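Computed from the coordinates by the stated procedures, all read-outs in this text should not be read as laboratory data. Note that the coordinates shown come from a computational prediction; the quantities given were computed from them, not determined experimentally. Quick reminder, even Gly has a Cβ in these numbers, built from the backbone with ideal geometry, and neighbours come from all protein chains shown.
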Amino acid sequence: MTTTHPAAAAGTWKLGSFEVNRLGFGAMRLMSTSDGGVRDRETSIAVLRRAVELGVNHIDTASFYFAGPRAANELINSALAPYDNLVLTTKVGPGRDFEGTFYTARPEQLRAQVEQNLRELGLDHLDVANYRIGEGLDRGAGSLSDGFGALADLREKGLIRELGISNVGPEHLTEALAIAPVVCVQNQYGLTARREDDEIVRLCADHGVAFVPFFAVASGTGEDARVAEVAKRHDATPAQIRLAWTLHQGPHVLAIPGTGDLAHLEQNVAAAALELTDDDLKTLERDN
């Protein structure tokens, strides 16, 4: 690890043609404060620029990440364009109208969503586009072939470089791989949440596909005594331990913690260098 690029401490993984540090950044929390207020725009921009200074080169966003006058894509564009050595991952499928109401795009609407992300980010192609299925955090059911096939067509047309899927089960990865290359799966997953996805983590490893959990830190309900015990051993925060556990699930597992706070950003990125021992991992996996 170097002091200037601590996000590189956990190593790298390839999202298809893009090599990224395994510790990245999620943009969802940039717009709002913890109490639901509008976050100061200059603070959000400072967080993004500091993340890149710390070695983050993979940022996860979406056009439906907005709150009041703040939108993640606009903030990213203003702070970081022209994106030198930076990989932007976005997701399509869900959308929000101007009043903030969510809708699920039909396959024929996906191109408009892709083009919206391109306009907002100031790009001529998306680095990685995840096709997200299901409503909210409810796991998508049924076939994804029509929607994913539409994105595969846009990839052939040059609007997207790499494809991923989100909020899916193992059967969806198998289905998607039969249509086009898949570079990542993005699901809710953490030490104490959605552990049924241990199977998908293993399946992704078998296929050389990145597994990119969201809410890896926030998935904890209250503080866990096991996490607190390990955090004390390392003089670390519980959030850092949860992120370190995530990264220890395999070299193909990435982390995209999000924050709008500079101090929390520094702590999250520092978790890339946390090395958990076998005893630590046993403690975290034991029954309470």
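Data table
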{"read-out": "Alpha-carbon centroid distance for the pair the range 11-71 / the range 148-168, whole angstrom", "value": "22"}
{"read-out": "DSSP H segments from the chain that extend 27 Å or more along their own axis, Cα-based, with Kyte-Doolittle mean of 1.6 or above", "value": "none"}
{"read-out": "Listed peptides 191-197, 106-112, 33-39, 242-248 by packing density, highest first (mean Cβ within 10 Å)", "value": "242-248, 191-197, 106-112, 33-39"}
{"read-out": "Distance cut-off 15 Å, percentage of C-alpha pairs in the range 160-199 lying past it", "value": "42"}
{"read-out": "Inter-label distance, nm, simple model (7 Å from Cα along the C-beta direction), ASP198/GLU108", "value": "4.5"}
{"read-out": "Under 18 Å from the Cα of LYS282 - lysines, other chains or at least 8 residues apart", "value": "LYS232"}
{"read-out": "Among beta bridges that DSSP assigns inside the range 95-192, antiparallel share in %, nearest 5", "value": "20"}
{"read-out": "Gyration tensor (alpha-carbon) shape descriptor, the range 99-165, a/c threshold 1.5", "value": "oblate"}
{"read-out": "Spin-label zone in the range 222-247 - amide nitrogen under 17 Å from a point set 7 Å from the Cα of LEU281 along the C-beta vector", "value": "227, 230-231, 241-247"}
{"read-out": "Shape category assigned to the range 131-187 from the gyration tensor of Cα positions, a/c cut at 1.5", "value": "prolate"}
{"read-out": "Whichever lysines have a C-alpha closer than 26 Å to that of LYS157, once near sequence neighbours (fewer than 8 apart) are set aside", "value": "LYS14, LYS91"}
{"read-out": "Protection proxy ranking of 278-285, 127-134, 229-236 - average other beta-carbon atoms within 10 Å, highest first", "value": "127-134, 229-236, 278-285"}
{"read-out": "Label selected from [x] 40, 24, 16; [y] 32, 20, 18; [z] 28, 23, 18, the criterion being semi-axes √(5λ) of the Cα gyration tensor in Å as computed here", "value": "[z]"}
{"read-out": "Rounded, prolate or oblate (a/c below 1.5 giving rounded, otherwise prolate when a/b exceeds b/c) for the range 1-153 by Cα gyration tensor", "value": "oblate"}
{"read-out": "Net lengthening on full extension, THR12/HIS234 (0.36 nm per residue, minus Cα-Cα)", "value": "77.6 nm"}
